[in-house]
Structures are given as C-alpha cells and as structure tokens.
Amino acid sequence: MKQYRNALRERGITQSMSRKGNCYDNAVMENFFGIMKSELLYLKEFESVEHFEQELAKYIEYYNHKRIKAKLKGMSPVQYRAHAQRAA
C-alpha cells in the first residue's frame with residue numbers, strides 16, 4: 001500500500017519485503033514471533049511499554065541462551081551454533 005510505504009519512509013523505517021511469491025524470507029521471524037507470543041505475550045500482563053520491553057529483552061536472552069529445541073539436538077541456538085562451528 002503506497003500510503004503505508006510513504007509513512008515508513010517518512011519515519012526512516014526500511015520495509016522488509018521478499019520477492020513476489022517467496023514466503024520463505026520471513027518464515028524464520030514469523031516462527032519466532034509465534035513462539036514468543038505463546039510463551040511470553042499471552043501469558044503475562046504488562047504494566048507499560050517499558051515493562052514489556054524489559055520482559056522482551058529477558059525473553060530473547062532466554063530464547064537464545066537457555067531454551068532448548070529438539071530440532072537443534074537438545075541445545076539452545078547459541079550452543080548449537082558453537083557446536084556447529086567446532087564441528088566444521
């Protein structure tokens with residue numbers, strides 16, 4: 001939508017766009033947002049935007065460093081990347 005693109009540009013925001021018909025560009029982030037909503041957003045009440053930002057920062061730290069995933073052989077994303085680099 002042209003008005004939306006103009007509003008983003010006026011605010012110095014770069015719009016994320018994939019090629020037409022290519023849904024895979026944003027799939028990783030869409031997956032993260034879905035998980036974050038179910039594990040954080042829908043489970044808590046936030047007192048303010050600042051409180052949400054603090055909790056989000058804590059959640060991202062947890063997600064990257066402590067939350068294990070079966071797809072990552074039972075490791076967190078940070079552990080998996082370190083393991084993969086050592087194996088290479």
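Which pairs turn up if I take residues in segment 33-52 that are more than 21 Å from Ile68 (Cβ to Cβ) and of a type outside the set (Lys, Arg) and look for partners that are at pLDDT 95 or above and assigned to a loop (DSSP other than H, G, I, E, B) with beta carbon separation below 6 Å, at least 6 apart in sequence or on another chain?
If the second residue must be at pLDDT 95 or above and assigned to a loop (DSSP other than H, G, I, E, B), the pairs left are Phe52/Phe46.
Return the residue satisfying two criteria in turn: it lies in segment 14-44 and is open to solvent by 90 Å² or more (accessible area, probe 1.4 Å), hydrophobic (A, V, I, L, M, F, W, C) and modelled with pLDDT of 80 or more, and of such residues it is farthest from the chain's Cα centre (by Cα).
Leu43
Say whether the condition of being at pLDDT below 90, assigned to a loop (DSSP other than H, G, I, E, B) and not basic (Lys, Arg) is met by at least one residue in segment 1-13.
For segment 1-13, residues at pLDDT below 90, assigned to a loop (DSSP other than H, G, I, E, B) and not basic (Lys, Arg): present.
The values are calculated or read from the model by the stated rules, or taken from the named source; none is laboratory data. Since the model is a prediction, treat every value here as computed from it, not as a measurement. In this analysis, Cβ positions are derived from the backbone assuming ideal geometry, glycine residues included, and neighbour counts consider all displayed protein chains. Please note that ligands, DNA and RNA were not included when accessible areas were found on the heavy atoms of the full protein model with its side chains. Shrake-Rupley method; radii C 1.70, N 1.55, O 1.52, S 1.80 Å.
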